[in-house]
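All remarks here apply to the structure that follows.
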Amino acid sequence: MVDILTHLIPSVLLSTISMSTPLILAALGGVFSVRAGIMALGLESMMMTGAFCAVLGSYLSQSPLIGIVCGILGGMLLGLLHGVLCIRYRVNQVISGIGLNLLALATTTLLMQLVWKNRGSSPQVPSLEYAAPFSPLFLISLILVAISAFLLFRTKFGLRLRMVGENPKAAASMGLRVHGYKYAGTLICGALAGLGGTYLSLDHLNMFVRDMTAGRGYIAVVINILARYNPFNTIWCAGIFGFSDAVQIVFQGKGVPPQLVQSLPYVVTLFVLAFGVKHITPPAGVGKSEED
Amino acid sequence: NKESAEVKPAKAPSIGLVLSTGGLGDKNFNDMAYEGLQKAQEALGITFDYVEPKSPSDFLPQNRMFAEAGTYDLIIALGNDQLEALKEIKKDFPNQKISFIDSSAVIEGVRSVSTKWAEQTFLCGVVAGLGTLSTMDKANKENTVGVILGMDFPNLREGVAGFIAGVKYVNPDCDVLQATVGAFNDPGKGKEIALSMYNRGADFIQHIAGASGLGVFNAAKQVNRYAFGVGGNQNHLEPDHIVATSIRNVNDMVYNEVSALVDGSWSAGLQISGMKEGAVGYSTEYSNVTLPESIRTIVEQTRKKIIAGELVLPTSMEALPSWTAANQYK
Amino acid sequence: MSRVQMQDIIKDFPLTRALDTVSFTLQRGSIHSLLGENGAGKSTLMNILYGMCKADAGTITIDDKPVVINNPREAIACGIGMVHQHFMLAPVLSVTENIVVGNEKQRGLYFDIHKAAEKVQTLIDRYHFHMQATDCVSSLSVGVQQRVEILKALYHGSDILILDEPTAVLTPQEVDELFVILRMLKNEGKSIILITHKLKETLAIADTFSVLRDGRLIASALPVAGTNERTLAQMMVGRNISLTSTRRSKQRGEVCLAVENLCLTEGSNTVLKNISFTLHHHEILGIAGIEGNGQSELIEVLTGLKEARFDSFVYEGKPLAGNAITFLENRIGHVPEDRSTRGLISQMSIEENVILGYHHKQQFSKAGFFKPSAVTDFAKQQIDSYQIKAGSSKQACATLSGGNQQKVVIARVFSEDPNLIIVAQPTRGVDIGAMEYIHEQIFSLRDAGKAILLISADLDEVLRLSDRVAVLYEGQLVSISENGTYNETELGLMMTGSYQKGDNDDQH
Amino acid sequence: MISIEAQNKSQKALHSLSLSFGALVLAILVSAIVMALCRFNPMQAFAAIFQGAFGSLRAVSQTLVQATPLMFTGLAFAIAKKASLINIGVEGQMYMGAIAAAWIGAMPLPLPLFVHLPLAIVIGAAAGALLAGFVGFLKVKFGSNEVIATIVLNTIAINITSYLGNYPLKADGPTAQTNRIQQTAELSRIFPGYQLTMAFFLAMLVCLLIYLIMEKSILGYEIRSVGYNRLAAQTAGINISRVVVISMMLSGAVGGLAGAMHVLGVDKRFIVGFSPGYGFNGISVAALAADHPLGVILASIIFGALNAGSMVLNRTTRIPTDFINVIQGLVIIFVSAPALVRELTPHRRKRHG
Ligand SMILES: Nc1ncnc2c1ncn2[C@@H]1O[C@H](COP(=O)(O)OP(=O)(O)OP(=O)(O)O)[C@@H](O)[C@H]1O
Ligand SMILES: Nc1ncnc2c1ncn2[C@@H]1O[C@H](COP(=O)(O)OP(=O)(O)OP(=O)(O)O)[C@@H](O)[C@H]1O
Ligand SMILES: [Mg+2]
Ligand SMILES: [Mg+2]
């Protein structure tokens, strides 16, 4: 019937790629945020807003490229909001993240109601078209990982960003603009997570559906931490998750109740967490400001 | 308890609608019910209010809110999970008229409108079973089709059983792939599951997955295969790839309830809204896909059989094997 | 002309006026020592100059030009550099990264870490600081970290250098080396402000000094020449204090603790090697040594926080093993080396801190719940007897000055009538008044028959308090001998491993 | 110097109360502006919300019913927070508590009410405690990050309960739910017809109990010590691993109670996917309460009122209930940003010193 080599494996691999792409992007965003000392529990809100703005942009302009730009800007808007709350107003970062997640869901739903008179899904909009079997955004996300790693570990900007994340007070005493770097971190985070959201709505699909990120932002948080806030590690961490998600799809309908099969990626993550990636320490300055 | 149903001033009837937990925007069950009432508002001059429960726990207080208000001539409750709440409301407000959509429960004084999930998806199953081996341009040689569930819920499993029964009725050797998305709002995952199925040889996929199903259509378009809609007619979404929709006209059901109220024919008891009543079934309207004449004939014959009661459909996955063994086209 | 002129600086904190119309001048090419008790406002004044903290009133002029310094960036632009009292380091980053960040001295976006490391290594070698530019800061001992801090200021080439207690964790030799560097800088025309609680150091290096007391400047830029320690101390504290009082034990009691061949390995390296000693009642055994030579680990082993291998570990005639609880229950008291990490829970009140570790005692609780009045009474009693300056017993420890925080720790440990006390760095960063007080407490406990193990990086302190002295170097006890057997220089050399004289070791 | 702390404490409490209130007012104002911009009448909306939250016995009862699970989940989050653990997994712990309580509650045990009901509650709490305790175990044993573990276990727990409710424990009928619990395991209603049960008062009691444990007991003292300064706690002979596991279990037990009480009081059965996010909203409640166990009571009632109000808003106006979610989101953000509130409200400047 089905040839495992020519069908199943490529299919699972393609599936892995398309399921891990948004996770890589969002987790990569999280890396910048956490490295700058801001916890990134709000990735879901950035992805969701990115996904929404991308569709809105494409809807209004009929151009998917403008949609992508809008998606990135939408994510950045939430990144900025998270930044303003955490940096300027010193809101607890967990609460800001979770609060923004709730707020983003509520506002995107509301805006859908106002723009499209339907709070469930948007109309179909022009989306990215390409001939390749997988999205160019996947390759772009890999390139972005490399660029990020370079930026973080091989440039002055990266060094300073990390310094700010490790010890904001020390960074300030070295004459760094601590707030500037933190905002840079959350804005880059928002942009990448927004691009992740854009992938979901404008590349993988061509519409926005209420709550369509469906918890991917939280998974991205998991991957971000599991990757020890290292850009390259996000690839394999997201890959493991995406792969086990792809595998569970294939295993479905074989007599095992779906709820149990669906838990596979989560169980795998738990195992990786317990036995693979122990003692993860975030940058020491996470949650601190230069005044503490 | 304040009772209102008795006192009926000469004003337009007022309806209270308790939606299901999915809420408005599902382009399906809830939206269709809402549409039905809007139509009734225009055509029959009624007024209506609606509430969107956030969780099953809200069914009781929200139904009670309508009943207590005493100003609603009819409460329409959507979805079988409101059963417990309605039982209780009915006990406290024996005179409140209630229509219970999508339930075959018999509650004293409540008008239950029962639909048959199996009848809804069966004919699409027949199309898929025949289509997968046909010469239709997007079909393949593989004798495989698929069905995708949003969440693993018992009533949805009934829909799956109906679809599989339809496939096996005409094509007993066909392989039917099944999978569950795990959410009604995850079109991305829906698409991946669909792609995986298409990749494993499926050429027709029925979704019962709410907004996650939108991803299935997207997948069908991407790999140039077929899909079926569910609920309200979805054929226009991808007219070249959606062959048909497993229709359930909740809007008509709701409208009928209101019009029954208005014309005085509303009475408690079980109403069946099946294929025979035209409430569920299958529609190819707005689809650009042309079904071969042979398939259309068989579908028509089968529909007639079901309406005539000659073919009684299975309602659970467990009943499938024996049903299939006993019921074969020809 | 004056290099820096701070005029009528006022700084208020909630509940405290930290600086009250303070005017401060620094001359070009001079070393100026800023003195004052804990909480006098020294750090605050310097933080204002460095832009870490904004003054409520007052002006600053640099080279007679008025300047406004809002943040360290602007201070750096004015040529000011600062070594902070509390390290400003990112532990996971390398020495190089910590030093160059913000002033990478490289063009473009790309940061060549290797090039930077070479440069930093040159700097390290030039000042004879023994460390690798590529080391991760977290792997360095506190003393070495202090040197990184100093290097930071040197690397940035500031003209005005503020050093806030840079010598607190350095050995005498290292202090000497630092002073050589400072003199060199001075000769290059740089101006230096040095904050220290060690008056000797002021006398040794400074040209002028100022004294802050309770936020007011009571001596401004006086010449150091012609003063002595006693005068300085008196100016600081406002009363006479005995700086050199030292009392040896009159008797040596029974053996309290006998340890033989204690070894500890962490990961692949041996941190403690064949440590053997005995500790008697009525005795203070002082262990000198540069931090990072196993002090922390030795303390942790002796207080049950870490398990080590040993041939015997006999406490009051019986073998002792277990965790921190067992040790506490056996009346082994512990004054942790760092009050902010292990000593105090600064967010909690004095009351809650003063029972920490003893909170299980029946005196304070019943059926798992505290007896609030008992705790309060106990705390008030401690505040009284240790003269802790606090508004109330419910005040959070974070709001106490460093010296008072230390007193809270000391009060807790000493009041529980321990039998053996492990006292680590009891007076780090504490002013001489408080130091005197704490030293007196230690003497009186010793005289009351307690066995005391003193671990300190401050050689003066070790020599002043101990009946017997040992040096811990690279995880080994180098020498245990009567206090006085070696002079300060010899001990200092032993601490750096460059002096070994095994023959007159007085092993017990 | 006469008792700085007494002055301080009452001032502080007053200050934070006024800030929380200011935040609430601001959130309402901002959402009113948003509503007006969207061409809805904010006055009408807030009138409806108030009516639905406090306007009648039903409204009040509904407010308290909505507040109950939030009180538990908010408390659960706050407990773990005291030990500086971030328990994002309250939702999953609640599901475990709910299914366990439903399982015991539906068993036809020959037990009287005063045994069967407490048993079901305790088993529910134990189920939640077990799940959270597992996270604590992973943390102390493998150093696993609890944020990841709880996020992941949320999904696993929800999937497992969904499986149980769909297959082994499923009641007959077309709905994925368990059998109705026995009369002997039921929390009875206070007013006939309204879902308010003793659970609300039990929740307040648990808040009080946790407050006492946290502030007055040795265990609470140890938990706080570990939360503030692990190393100092360790030095003081406090067993950190034990405290971490215990605080997680305590947090999970309260999370489990949220589920158990909901099943035994409101739904009378476990319904698959019953929660509209009580666990996550608990984080907001804890934020509003500044992690204070007694503050949780007030905070959960405020959120309960917004939820109850949204029902009437829904019915009497055509204003989308998403506004309620927007308000809630804004409340969380304003509450946790006192600096922002201060900036936006006219506030007398106080002099230091
Ligand atoms: N951030 C702050 N908030 C409130 N009060 C502060 C703060 N920083 C300093 N103070 C107060 O200002 C006073 C001066 O503190 P400062 O740190 O300048 O003292 P110091 O002279 O450096 O003492 P030490 O010798 O202990 O370092 C202290 O009494 C302290 O209570
Ligand atoms: N929130 C606060 N309120 C009041 N005083 C504070 C507060 N934070 C810090 N302080 C005081 O400010 C002073 C300066 O703080 P810092 O952290 O520099 O410690 P320090 O006292 O200088 O340290 P050390 O005593 O070790 O030299 C300390 O005396 C401390 O007690
Ligand atoms: Mg085929
Ligand atoms: Mg200081």
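The values are calculated or read from the model by the stated rules, or taken from the named source; none is laboratory data. For clarity, every value in this text was computed on a predicted model and none was experimentally measured. Quick reminder, even Gly has a Cβ in these numbers, built from the backbone with ideal geometry, and neighbours come from all protein chains shown. These area figures cover heavy atoms from the full protein model, side chains too; ligands, DNA and RNA do not enter into them. Shrake-Rupley method; radii C 1.70, N 1.55, O 1.52, S 1.80 Å.
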Quiz item: Before we move on, is A:TYR130 within 24 Å of B:PRO187 (Cβ to Cβ) and aromatic (Phe, Trp, Tyr)?
Solution: yes
Exercise. Residues being surrounded by 20 or more Cβ atoms within 10 Å (Cβ to Cβ) and over 19 Å from D:SER300 (Cα atoms): count how many of those fall in region D:183-212.
Key: 3
Exercise. Considering only residues that are free of Cβ contacts under 8 Å to residues at least 40 places away in the same chain, open to solvent by 10 Å² or more (accessible area, probe 1.4 Å) and within 7 Å of chain A (Cβ to nearest Cβ), look in region B:196-226 and name the one that is nearest to the chain's Cα centre (by Cα).
Key: B:LEU214
Quiz item: Quick check, is B:THR290 at pLDDT 90 or above, over 21 Å from the mean Cα position of the chain (by Cα) and not in a loop (DSSP other than H, G, I, E, B)?
Solution: no
Quiz item: If we keep just the residues of region C:428-483 that are hydroxyl-bearing (Ser, Thr, Tyr) and open to solvent by 10 Å² or more (accessible area, probe 1.4 Å), which is modelled with the highest pLDDT?
Solution: C:SER444
Quiz prompt | Boolean, B:ALA139 is small (Gly, Ala, Ser), assigned to a loop (DSSP other than H, G, I, E, B) and away from chain A (no Cβ under 13 Å) | solution = yes
Self-check item: Subset of region C:385-422 that is open to solvent by 10 Å² or more (accessible area, probe 1.4 Å) and more than 25 Å from the chain's Cα centre (by Cα) - its residue that is modelled with the highest pLDDT
Solution: C:ASN419
Quiz item: Applying the selection to region C:307-351, what residues are within 14 Å of ligand 2 (Cβ to nearest atom), open to solvent by 10 Å² or more (accessible area, probe 1.4 Å) and small (Gly, Ala, Ser)?
Solution: C:SER340, C:SER346, C:SER349
Quiz item: Has region B:146-160 got at least one residue that is more than 11 Å from chain A (Cβ to nearest Cβ), of a type in the set (S, T, N, Q) and either touching a Ser or Thr at 6+ places or on another chain (Cβ under 6 Å) or within 12 Å of ligand 3 (Cβ to nearest atom) (or both)?
Solution: no
Practice problem: Output yes when any residue across region C:361-368 is more than 22 Å from D:ILE240 (Cβ to Cβ) and assigned to a strand (DSSP E or B), and no when none is. | Solution: yes
Quiz item: Of the residues that make up region C:278-291, is at least one open to solvent by 20 Å² or more (accessible area, probe 1.4 Å), not charged (D, E, K, R) and not in a loop (DSSP other than H, G, I, E, B)?
Solution: yes
Practice problem: For region D:172-189, state whether one or more residues are within 14 Å of chain A (Cβ to nearest Cβ) and either of a type outside the set (Ser, Thr, Tyr) or out of contact with any helix residue (DSSP H, G or I) (no Cβ under 6 Å at 6 or more places or on another chain) (or both). | Solution: yes
Practice problem: Quick one: in region C:184-216, of everything that is part of a strand (DSSP E or B) and of a type in the set (Val, Ile, Thr), which residue is most open to solvent (accessible area, probe 1.4 Å)? | Solution: C:THR208
Quiz prompt | Test: D:ALA53 is within 23 Å of the chain's Cα centre (by Cα) and modelled with pLDDT under 70 | solution = no
Quiz item: When you go through A:LEU8, A:LEU60 one by one, which is the residue that is among the hydrophobic types (A, V, I, L, M, F, W, C), more than 30 Å from A:PHE150 (Cβ to Cβ), at the interface with chain B (Cβ under 10 Å from one of its Cβ atoms) and surrounded by fewer than 24 Cβ atoms within 10 Å (Cβ to Cβ)?
Solution: A:LEU8
Practice problem: Select from region A:118-139 the residues that are assigned to a loop (DSSP other than H, G, I, E, B) and aromatic (Phe, Trp, Tyr) and write down the one among them that is farthest from the chain's Cα centre (by Cα). | Solution: A:TYR130
Quiz item: Does at least one position in region C:94-115 carry a residue that is in a strand (DSSP E or B), within 11 Å of chain A (Cβ to nearest Cβ) and either closer than 22 Å to C:ILE160 by Cβ or within 16 Å of ligand 1 (Cβ to nearest atom) (or both)?
Solution: no
Quiz item: Quick check, is C:LYS407 on the phi < 0 side of the Ramachandran plot and either within 16 Å of ligand 1 (Cβ to nearest atom) or touching a Phe, Trp or Tyr at 6+ places or on another chain (Cβ under 8 Å) (or both)?
Solution: yes
Quiz item: What about C:HIS130, is it more than 16 Å from ligand 1 (Cβ to nearest atom) and outside any helix (DSSP H, G or I)?
Solution: yes
Quiz item: Restricted to region B:183-209, and to residues that are in a helix (DSSP H, G or I) and polar (S, T, N, Q), which residue is modelled with the highest pLDDT?
Solution: B:SER196
Quiz item: Any idea which residue in region C:164-183 is nearest to ligand 1 (Cβ to nearest atom), counting only those that are at pLDDT below 85 and in a loop (DSSP other than H, G, I, E, B)?
Solution: C:ALA168
Quiz item: When you go through D:LEU64, D:LEU70 one by one, which is the residue that is out of contact with any Pro (no Cβ under 6 Å at 6 or more places or on another chain) and closer than 12 Å to D:ALA286 by Cβ?
Solution: D:LEU70
Quiz item: If you take just the helices (runs of 4 or more DSSP H) that sit entirely in region A:213-292, which of them hold at least 2 residues that are touching a helix residue (DSSP H, G or I) at 6+ places or on another chain (Cβ under 9 Å) and either closer than 30 Å to A:MET163 by Cα or open to solvent by 30 Å² or more (accessible area, probe 1.4 Å) (or both)?
Solution: A:216-226, A:231-251, A:264-271
Quiz item: Given region D:247-341, what helices (runs of 4 or more DSSP H) lie entirely inside it while holding 1 or more residues that are away from chain A (no Cβ under 14 Å)?
Solution: D:293-316
Self-check item: Candidates D:ALA106, D:ALA126, D:ALA102, filtered to the one that is open to solvent by 20 Å² or more (accessible area, probe 1.4 Å) and in contact with a strand residue (DSSP E or B) (Cβ under 8 Å, 6 or more places away or on another chain)
Solution: D:ALA106
Quiz item: Restricted to region A:160-177, and to residues that are open to solvent by less than 10 Å² (accessible area, probe 1.4 Å) and more than 21 Å from C:ALA75 (Cβ to Cβ), which residue is nearest to the other protein chains (Cβ to nearest Cβ)?
Solution: A:GLY165
Self-check item: Scan of region C:46-104 for residues that are aromatic (Phe, Trp, Tyr) and either open to solvent by less than 50 Å² (accessible area, probe 1.4 Å) or away from ligand 4 (no atom under 16 Å from the Cβ) (or both), ordered by number
Solution: C:TYR50
Quiz prompt | Counted residues, region D:69-90 - those being open to solvent by 10 Å² or more (accessible area, probe 1.4 Å) and within 11 Å of another protein chain (Cβ to nearest Cβ) | solution = 3
Quiz item: Taking A:GLY180 and the conditions (1) closer than 13 Å to A:ILE87 by Cβ; (2) surrounded by fewer than 24 Cβ atoms within 10 Å (Cβ to Cβ); (3) touching a residue at least 12 places away in the same chain (Cβ under 8 Å), which numbered condition does it fall short on, given that it satisfies the others?
Solution: (3)
